[in-house]
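Q: The following block contains the structure, expressed as structure tokens.
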């Protein structure tokens with residue numbers, strides 16, 4: 001089995017943040033963070049999501065140039081528009097979230113998925129599948145795009161973010177469950193093979209560092225694919241490596257689609 005990870009920052013491995021003890025620490029810390037900035041964060045998040053619901057599109061990618069529709073050539077290895085015998089779908093406002101867009105395309109033994117969202121604190125007037133638990137690190141209105149490209153050789157996951165703290169290192173991993181109001185709801189890191197510790201070869205790590213604009217990106221490549229319904233979100237952590245406080249979460253429809 002081969003695996004590669006490309007990221008903009010570096011951090012050493014720590015015990016798996018998905019284990020019960022670490023998750024508890026993350027949840028406690030995020031509760032304190034929400035107490036500091038919850039009211040302005042909720043208002044800002046609601047305004048951002050309402051703006052998008054009224055027709056302003058989400059910017060796709062930190063360079064402003066990711067693909068628009070499922071059939072176009074998109075970011076991080078999207079299939080081309082001319083491919084035949086393919087299946088594509090577009091799901092704006094998935095899950096009741098008007099800021100969310102999901103694009104899916106499948107051709108033969110490969111598939112591509114892109115999900116975008118706008119971060120909002122839990123409890124905002126308009127629900128969001130992108131939740132910020134600490135608006136000091138992930139401000140309400142920050143944007144995220146996650147892509148997945150799958151073919152018989154493996155899986156490539158990419159992430160692009162906008163509107164975070166400039167010049168800061170963040171950790172990010174794929175987690176097992178959808179996001180919830182409680183940071184713990186996303187569960188532990190997704191692991192290809194169950195293990196006691198965090199490992200970038202056995203998990204999907206997307207650590208990154210933002211530029212002077214607060215934008216960042218990362219990509220991870222693995223020779224294995226996700227189990228059906230086994231990977232459901234990405235968590236942004238306050239530091240790089242295998243663990244960290246949970247600053248934000250985005251529900252993503254990862255899947256094994258395209259692998260035979």
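The values are calculated or read from the model by the stated rules, or taken from the named source; none is laboratory data. Predicted, not measured: the structure shown is a model, and the values here were computed from it. Glycine also receives a Cβ, built like all others from the backbone with ideal geometry; neighbour counts cover every protein chain displayed.
Q: Which condition breaks for residue 239 when tested against (1) under 22 Å from residue 168 (Cα atoms); (2) part of a strand (DSSP E or B)?
A: (2)
Q: OK, next. What are the residues in segment 150-207 that are under 16 Å from the mean Cα position of the chain (by Cα) and on the phi > 0 side of the Ramachandran plot, if any?
A: 163, 187
Q: Just one of 141, 187 is surrounded by 20 or more Cβ atoms within 10 Å (Cβ to Cβ) and in contact (Cβ under 8 Å) with a residue 24 or more places away in the chain; which is it?
A: Within the list 141, 187, the selection yields 141.
Q: Also, quick follow-up: Just need a number here: residues in segment 218-256 that are within 17 Å of residue 109 (Cα to Cα) and crowded, with 21+ Cβ neighbours inside 10 Å.
A: Our first condition is that a residue be within 17 Å of residue 109 (Cα to Cα); within segment 218-256, this holds for 222-228, 254-256.
Next cut, crowded, with 21+ Cβ neighbours inside 10 Å only: 222, 225-226, 254-255.
Of the residues in segment 218-256, 5 are within 17 Å of residue 109 (Cα to Cα) and crowded, with 21+ Cβ neighbours inside 10 Å.
Q: Please work out if residue 178 is touching a helix residue (DSSP H, G or I) at 6+ places or on another chain (Cβ under 9 Å), part of a loop (DSSP other than H, G, I, E, B) and under 11 Å from residue 234 (Cα atoms). Don't jump to the end; show me each part of the working.
A: On the way: touching a helix residue (DSSP H, G or I) at 6+ places or on another chain (Cβ under 9 Å): yes; part of a loop (DSSP other than H, G, I, E, B): yes; under 11 Å from residue 234 (Cα atoms): yes.
Yes.
For every residue, the table says whether it meets (1) assigned to a loop (DSSP other than H, G, I, E, B); (2) at pLDDT 95 or above; (3) in contact with a strand residue (DSSP E or B) (Cβ under 7 Å, 6 or more places away or on another chain); (4) within 23 Å of residue 145 (Cβ to Cβ).
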| position | (1), (2), (3), (4) |
| --- | --- |
| 184 | no, yes, no, no |
| 191 | yes, yes, no, no |
| 195 | yes, no, no, no |
| 202 | yes, yes, no, no |
| 211 | yes, yes, no, yes |
| 217 | no, yes, yes, yes |
| 221 | no, yes, yes, yes |
| 229 | yes, no, no, yes |
| 235 | no, yes, yes, yes |
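Q: Then there's this: Any chance segment 168-175 includes a residue that's surrounded by fewer than 24 Cβ atoms within 10 Å (Cβ to Cβ) and assigned to a strand (DSSP E or B)?
A: Yes, segment 168-175 has at least one match.
Here is a yes/no grid of residues against (1) without any contact (Cβ under 8 Å) to a residue 12 or more places away in the chain; (2) buried (at least 22 other Cβ atoms within 10 Å of the Cβ); (3) assigned to a strand (DSSP E or B):
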residue: 125; (1), (2), (3): no, no, no
residue: 149; (1), (2), (3): no, yes, yes
residue: 156; (1), (2), (3): no, no, yes
residue: 159; (1), (2), (3): no, yes, yes
